[in-house]
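Below is one structure, written out as structure tokens; comments come after it.
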Protein chains: 2
Amino acid sequence: MLKYWNMLVDPSIVAHKPFTGDRMPTTAYASEALTQLKVSCASCGLSDLCLPRGVDKVTLEQLDDAVDRIDPLPRSTSIFRQGEPLFALYAVRAGSVRSTHVGADGNEQVLGFHYPGDLLGLDALDGNVHQVTIDTLERTHLCALPINTLDNVLESVPPLRRQLLRIMSRNHAQDHHHLELMGRKAATSRVAGWLLSVSKRLHAHGYESDQLSLSMSRSDLGNYLGLAIETVSRTLSRLQADGIIEVSGRSVTLLDKQRLTEAADGDCS
Amino acid sequence: MLKYWNMLVDPSIVAHKPFTGDRMPTTAYASEALTQLKVSCASCGLSDLCLPRGVDKVTLEQLDDAVDRIDPLPRSTSIFRQGEPLFALYAVRAGSVRSTHVGADGNEQVLGFHYPGDLLGLDALDGNVHQVTIDTLERTHLCALPINTLDNVLESVPPLRRQLLRIMSRNHAQDHHHLELMGRKAATSRVAGWLLSVSKRLHAHGYESDQLSLSMSRSDLGNYLGLAIETVSRTLSRLQADGIIEVSGRSVTLLDKQRLTEAADGDCS
DNA sequence: CGCCGCTTTGAGTCATCTCAACACTTGTGG
DNA sequence: CCACAAGTGTTGAGATGACTCAAAGCGGCG
């Protein structure tokens, strides 16, 4: 049985150990892309998701003060692991991550992929212990909101309360979409539906939505969709042979969204 | 394709139309089981889930004032439907309900079953429109918390904020368990795992955990687990033939939890 | 009592999984 | 810079398990 741990770096290496003083100050980023990395919450890509509409400047400044911008993490690095105590919530600013859960039977289930604007760590709000492991799929930039400041921020910025509830509600809906994919019987339907959802997600963030560069392995994808990796590979190949998509390694081009949608909806239960 | 609508009563019948004045006053319940139905939030079975530990009396009274105890609903009744605006959050006091989602392709997916202590309607906190339909599986008693009082309650009772976040976090974890079931390849593993989860749930609420009386149809169960109803039926029959469970219609007795656990964990991916 | 919906059981087909080999990519070290 | 190795992805062939179609119990309800 293939374990994802094998794909990770040494388990003892955890790039971010919150609150132990090993974090670089924000100004250390000045040597990189200043305009992007010193971005405030106001101009951050998160603002769509992280902040309520029409938020005032005082709110932004309070949030700015509470948020730490941490070192970019290399690929295959754990942000936190199942069973660890909750230190902070994290927001993805750039890159992508994968969340997995190890069940009582020892099997791993890939629960989701998260992109810029997504909030990580909400799983641990019940019990203050992480229920999932989150690893980076590529070089990833994060913001961290220390959990001990969360209450203060929520107390002093009421709109954020509703926003946090909204975000959790939306995450719930994403799980429902995932369940809908898993409930579909046919492999083609699952893969096609997932490709469309990734495309929609990119489109919602203003990116080119026909050109997908997947950051996860076929193994991750198969696990996520409840399919064997060979089935994922074969399904992508067939969609390509049918002229619906074009596959080249981890980059996929959607050639015919119409027929891709039909493939996704085709096999009803 | 079997549509669940067929199993429901006339779609125009919605038992609870909030805030239109057709709700019976609380005292109308006096003729039934007074001690149970006039129960305050303090002694309600929800207190474990609905309220934080060590909550004070003032909190309880505030919550009591905000909560409406509504008419018990008969079987196969919609509490709310996908697409409807959010009027209130509901807590299940007795009975059981099923939540379903109709995807863009028109297929229905059973997303979960909810029992006493569960909170309904959280799906609509993002956008104030329900993303799922919730129907009763049997005669069900609910409490309703009008959404326009939610903000006030959360404002005046800070511990409830954390509690609400906890509940949503826990719901998220339940979805993850569902996804884990769906990710398992073998039908036996899915069914056995689900039986155990129901048993655990009953046990957590202090009920007899070996004697399950399922309130949902095989069709619901099959949809929930991503299996054909015939497969569900056959799997239950085989588990019975193996002496692991005893099936009689919708009542299931767990005879050998040890082997049931092995059956659930057996088929690794 | 008889209808109707739900559940069970059977037989056959088909899709996916498993096992296995090969091709491609990436990163490392000579 | 090339060669090699390890990881990753693709493709093939066969077996297995779930789905589909079909029919017969079972149970509730009018």
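Every number in this text was worked out from the coordinates using simple rules, so none of it is lab data. Note that this is a predicted model, so its numbers are computed, not measured. Cβ placement follows ideal geometry from the backbone for every residue including glycine, while neighbour counts extend to all protein chains displayed.
Values as computed for the structure displayed
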| read-out | value |
| --- | --- |
| Amide H partners (placed H, <5 Å) of B:I245, local residues excluded | B:Q240, B:L255 |
| Nonlocal amide H pairs with B:I79, under 5 Å, H built at 1.01 Å | B:I134, B:D135, B:T136 |
| Of A:K185/B:K200; A:K200/A:K257; A:K185/B:K257, pairs whose Cα-Cα distance is over 23 Å | A:K185/B:K200; A:K185/B:K257 |
| Cα→Cβ-extended label distance, 7 Å offset, between B:L255 and A:A186, nm | 4.1 |
| For B:M182, B:M168, order by how many other beta-carbon atoms lie within 10 Å, fewest first | B:M182, B:M168 |
| Cα centroid separation, the stretch B:94-159 to the stretch A:91-151 (Å) | 25 |
| Inter-copy spacing of A:E246 label points, which lie 7 Å from Cα along Cα→Cβ, given in nm from shortest upward | 6.5 |
| Sorted by Cβ neighbour density within 10 Å, fewest at the top, the residues A:D123, A:D175, B:D65 | B:D65, A:D175, A:D123 |
| Only Lys, Arg (+1) and Asp, Glu (-1) charged, at Cβ; the stretch A:127-264 dipole about Cα centre in debye | 260 |
| Cα-based shape type of the stretch B:183-264, given that a ≥ b ≥ c are square roots of the gyration tensor eigenvalues and the cut on a/c is 1.5 | rounded |
| Ranking of A:E61, A:E108 by count of other Cβ atoms within 10 Å, fewest first | A:E61, A:E108 |
| Approximate spin-label separation B:E262-B:R166, in nm, with each point projected 7 Å along Cα-to-Cβ | 3.8 |
